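Below: one structure, written as structure tokens.
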Amino acid sequence: MRTIPPAETHIEFVSDPIAEYLAGIWLVQMFQTDKEWMDFLDRAGQAESSPESVRAFLVAVLDCCRHVEHFSGSHAVLQEFQDRIAALQTRETTAQR
């Protein structure tokens, strides 16, 4: 989060890829079941954030799921990540038109 110059009376959220990946690694270590992952994806889909920021976070977490040894979810969880990321991308594209 940062203030917007010159008056600095408004704030905006700034994407922090390092924080997103650290959170992704933490999630991979914490979640042990498909149900936990699906609950997480449901909560992420209900976030008040912009579709772009949710999508960026889900991409980071998906990368961690694919590359961290301790991922305990199934292929169905990975597919659900991909489906939700694609849906958010579609929302972004539609909103830009």
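Where a number appears in this text, it was derived from the coordinates with a stated rule and is not lab data. Keep in mind the model is a prediction, meaning the values are calculated, not measured. As a convention, Cβ positions derive from the backbone with ideal geometry for all residues, glycine included, and neighbour counts pool all protein chains shown.
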Angle between the Cα long axis of helix 17-30 and the longest principal axis of the chain, 0 to 90 degrees, nearest 10?
30
Helix 51-67 against the longest principal axis of the chain: what's the angle in degrees, Cα atoms only, rounded to the nearest 10?
30
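Just how large is the dipole of the stretch 16-96 about the Cα centre, in debye to the nearest 20, putting +1 at every Lys and Arg Cβ and -1 at every Asp and Glu Cβ? Don't jump to the answer; show the numbers that get you there.
Details: 6 positive and 13 negative charges, 21 e Å.
Using Cβ point charges on Lys, Arg, Asp and Glu, the stretch 16-96 gives about 100 debye.
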Between 0 and 90°, nearest 10: helix 75-96 axis offset from the chain longest Cα axis
20
Here, the stretch 16-96 modelled as identical Cα point scatterers in vacuum has Debye log10 I(q)/I(0) at q = 0.14, 0.19 Å⁻¹ of -0.42, -0.77
Sorting MET30, LEU88, VAL68 by the position of each Cα along the dipole of the chain (Lys, Arg +1; Asp, Glu -1; all at Cβ), the one nearest the positive end of that ordering is LEU88
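Net charge near PRO51: determine it from the other residues with C-beta under 13 Å of the C-beta of PRO51, scoring Lys and Arg +1 and Asp and Glu -1. Let's see the in-between values first.
On the way: positive: ARG55, ARG84, ARG91; negative: GLU48, GLU52, GLU92.
Result for the neighbourhood of PRO51: 0.
In percent, what relative contact order does the chain have, based on Cα pairs under 8 Å that are 6 or more apart in sequence? All intermediate terms of the calculation are to be shown ahead of the outcome.
On the way: 80 pairs, mean separation 30.0, N = 97.
So the answer I get is 31 percent.
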Just grab the label-to-label distance for THR93 and ALA76, each label 7 Å out from Cα along the Cβ direction, in nm (one decimal).
2.8
Please compute the modelled spin-label separation between ASP42 and MET30, points set 7 Å along Cα→Cβ, answer in nm with one decimal.
1.7
